[in-house]
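Data block below; observations after.
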Amino acid sequence: MTESQEYYLCMQDYYEIRWHGRGGQGAITAAKILAQAAYLEGYQGVTAAPSFGAERRGAPVSASTRISPQTIMVVSQVENPNVVIVLDHTLLKYQEVTSGLVKGGWLIVNSWRPPKELDIKGDFNIATADATGVCSSLGLAVAGLTVVNTAILGAFIRATEAVGMASIEKAIRERFSNGEVGINLAAIAQTYEITKLEKIG
Amino acid sequence: MIFVSKKKTRKASTWILDGNHAAAQGAKLSRVQVIAAYPITPQSPVTETLSEFVERRELGAQYIAVESEHSALAVCTSASMVGARTFTATSAHGLAYMHEMLHWAAGARLPVVLACVNRAIGAPWSVLNDQQDSISQRDTGWIQIYARNNQEILDSIIQAYKIAESVYIPVMVCYDGYILSHTEMPVDVPTQEDVDRFLPQYKPHTILDPANPKNYNLVTLANPRVNAEGVLCHGYMELRYLLQEALQNSRETITTVGREFGELFGRSYARMFWEDRLDDADIIIVAMGSLAMEAIVAADMLREAGHKVGILGLRVFRPFPKSDVVQALEKARLVVVFDKNISYGIEGATCSEIKSALYGSPARAVIRNFIVGLGGRDVKARELVDAVNKSLLSLKEGVLNKEYPEWICAI
């Protein structure tokens, strides 16, 4: 762990969240929704950023959300997240997905497998939820592609308890049109219910 | 760009905005009348958003699509000459392409405002952040303001109009590409009513008017010369003197406007730079733009280790706040200047300014210069800490000022 991370992670309620998905899955949108929900929750400092540079549909992309009770001064990129959220479990084969994830942090994966069966070793907690299953049964899709970016927020709330469902709901209502709100909220609630947690001892 | 909550204390709303949307909101609240721009990464969302405002009639401006950045600023310059409040935004190669018109806008003393979303310049190609683009335009006669966060982007654009229209100098509001332009954070968006009170409708001193035809910016001879009406007119050099004089005097306007802004909106911009813990500091970090935020974290860490560290975050680079900088740095024994630009063959541009300001003053600080963050290279607080520690160590070893800057990179 780096010095700045040690410095900041000793602060309570400070979250550095890194999102991994594929271009088109909505990782960046989800990073922004979470930042907004956290602000509504009462956190003074929130930031949401894409990984800088070009993005392509289908290619691995990342994004980040920072959440803090105080105004955030850090502008450099997230190096040691305490939460990593993976929208597509096939990305787990890339080392950079769990790179820097701090001890005792959370790895949250969209997968039908229980955490133990992910075959990932590390000194962090693991949460899994079959958000794809939830969203496809609800018919939550954009241009024929099931989108799990909002649903996975349910798993985030379940694992970290950093933000309440009410704030997530408000953020969803701000961002989506009336017709889209219900299905997204249902996806989040259902994913919350089915999230499986595996905490390190 | 999402509405979040109404605050009771001020009549503003807090939105979670990225830097580009903050810039677009700033231009909209300033009631700009003519917008001309050409898309370029990472600036494009600024003008896309403004074109949507115009399309939805939320902003009563003319949006003029052009074929290049040179034309964009030519349109703004011309529109400004007939008395419109104008706005454009660009980055990197776009700003370089505007270079000639930058001189033209400043030389013609037009209150144009430009948002520069700082991006590295090729070759080699890069879309990522550094400040080489706006620093390369340092000598065009524009006022340059650098924002540390998205709130400052919005606030600076509104202030920029008030400054530009008082001193008749164009203003460039610069902010870091991606680091601010594409990063969302809470921003207080003032009401139109409050902004109207701060920045009244533009009263142009119309220069070109079909009812009163005139020539303007003609070939101007070296020496003053009597015109057709027998009046002695300035030569080229006198006009240049007046531009320099206006830049020198603009310091007072910039700080007054910043203070007035603070009185109305609760965020004061009464200084040309941001100070953090300078009171007891004997080590001072100098940085400009978002890096001055990261430096706060570095100073926290260095203070924790027992060093008396403060920060001077340059906000206005042109005009350069010489005497204030001297005062701020007077007590320091070490000044570490971080530059996201390089004036090839010498050093970082802000370092040169700091050295030049301190010459002849009682300040005796040793100055170190580090080149950082070029082409989007991430700059971490711990790297700033390492640079300060390294400087302290070499100082202990008796190394005073170095001839050339050090680089935080792999070589």
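Around the amide H of B:Tyr146, modelled in the peptide plane, lie the amide H atoms of B:Cys174, B:Val316, B:Phe317, all under 5 Å away and 5 or more residues distant in sequence or on another chain. A convex hull fitted around the alpha carbon atoms of the protein assembly as shown yields 172 Å³ per residue.
In terms of surrounding Cβ atoms within a 10 Å radius of their Cβ, B:Leu17, A:Leu118, B:Leu73, B:Leu102 rank from fewest to most as A:Leu118, B:Leu102, B:Leu17, B:Leu73. With the alpha-carbon atoms of the range B:250-382 aligned to their principal axes, the span from lowest to highest coordinate is 37, 35, 34 Å, starting with the largest. Between B:Gly19, B:Gly360, B:Gly83, the residue with the greatest mean-square fluctuation in the GNM of chain B (Cα pairs under 10 Å linked by springs) is B:Gly360.
In order along the range A:152-167, phi translates into HN-Hα couplings of 5, 4, x, 5, 4, 5, 4, 6, 9, 6, 6, 9, x, 4, 5, 5 Hz, rounded to whole numbers, per the Karplus curve 6.51 cos²θ - 1.76 cosθ + 1.60 with θ = phi - 60° and x for Gly and Pro. For chain B, the share of DSSP beta bridges that are antiparallel, to the nearest 5, is 35%. Taken about its Cα centre, the range B:1-127 carries a charge dipole of roughly 900 debye when the Cβ of each Lys and Arg holds +1 and the Cβ of each Asp and Glu holds -1. Restricting attention to the range B:2-198, close to 35% of DSSP beta bridges with both partner residues there are antiparallel. Across the range A:190-198, computed HN-Hα scalar couplings (Karplus, 6.51 cos²θ - 1.76 cosθ + 1.60, θ = phi - 60°) run 5, 5, 4, 4, 8, 5, 9, 10, 10 Hz from first to last residue, x flagging Gly and Pro. Do any of A:Lys121/B:Lys390; B:Lys308/B:Lys355; A:Lys170/B:Lys28; B:Lys162/B:Lys322 go past 31 Å between their Cα atoms, and which? Exceeds cut-off: A:Lys121/B:Lys390. Counting only alpha carbon atoms, the long axis of helix B:150-167 and the longest principal axis of chain B meet at about 50°.
Starting from the range B:163-242, pick out the GluC sites (Glu not before Pro) whose DSSP state is loop and whose Cβ has at most 12 other Cβ atoms within 10 Å. Of the GluC sites (Glu not before Pro), the ones in loops of the range B:163-242 whose Cβ has at most 12 other Cβ atoms within 10 Å are B:Glu229. Loop-resident GluC sites (Glu not before Pro) (DSSP state other than H, G, I, E or B) in the range A:157-186 with no more than 11 further Cβ atoms inside 10 Å of their Cβ: A:Glu161. On a 0 to 90° scale, report how tilted helix B:291-304 is relative to the longest principal axis of chain B, with both axes built from alpha carbons and the result rounded to the nearest 10. Long axis of B:291-304 versus the principal axis of chain B: about 20 degrees. With a simple spin-label model that places each label point 7 Å from the Cα along the Cα-to-Cβ direction, the separation between B:Asn401 and B:Tyr359 comes to 0.8 nm. Comparing B:Asn20, B:Asn223, B:Asn212 in a Gaussian network model of chain B, where Cα atoms under 10 Å apart are tied by springs, the biggest mean-square fluctuation is seen for B:Asn212. Taking other Cβ atoms within 10 Å as a rough exposure proxy, B:Lys355, A:Lys199 sort from fewest to most as A:Lys199, B:Lys355.
For the range A:39-84, applying the loop criterion from DSSP together with a ceiling of 16 other beta carbons within 10 Å to the trypsin sites (Lys or Arg not before Pro) yields A:Arg56. Considering all different alpha carbon pairs of the range A:3-198, the Kirkwood hydrodynamic radius works out to 16.5 Å. Work out the charge dipole of the range B:300-411 with +1 on the Cβ of Lys and Arg and -1 on the Cβ of Asp and Glu about the Cα centre, then indicate which of B:Val337, B:Phe320, B:Ser391 is farthest towards its positive end. Going by the charge dipole, the pick is B:Phe320.
The angle between the Cα long axis of helix B:236-265 and the longest principal axis of the Cα atoms of chain B comes to about 70 degrees, rounded to the nearest 10. Remark: relative contact order (chain A) = 22 percent; criterion is Cα-Cα distance under 8 angstrom and separation of 6 or more residues.
In this Cβ point-charge picture (+1 for Lys and Arg, -1 for Asp and Glu), the protein assembly as shown has a dipole of about 380 debye about its Cα centre. Highest mobility in the GNM of chain B, judged by mean-square fluctuation with C-alpha springs under 10 Å and restricted to B:Gln192, B:Gln159, B:Gln151, is found for B:Gln192. Helix-only arithmetic for chain B: the sum of -39500 (n - 2.57) across DSSP H runs with n ≥ 4, divided by the residue total, places the mean residue ellipticity at 222 nm at -12000 deg cm²/dmol.
Within chain B, the longest run free of chymotrypsin sites (Phe, Trp or Tyr not before Pro) that sit in a DSSP loop with at most 14 other Cβ atoms within 10 Å is B:217-343.
A short reminder: the numbers here are calculations on the coordinates, not readings from a lab. All figures in this text were calculated on a predicted structure; none of them were measured in a lab. Every residue, glycine among them, receives a Cβ derived from its backbone with ideal geometry; neighbour counts consider all protein chains shown.
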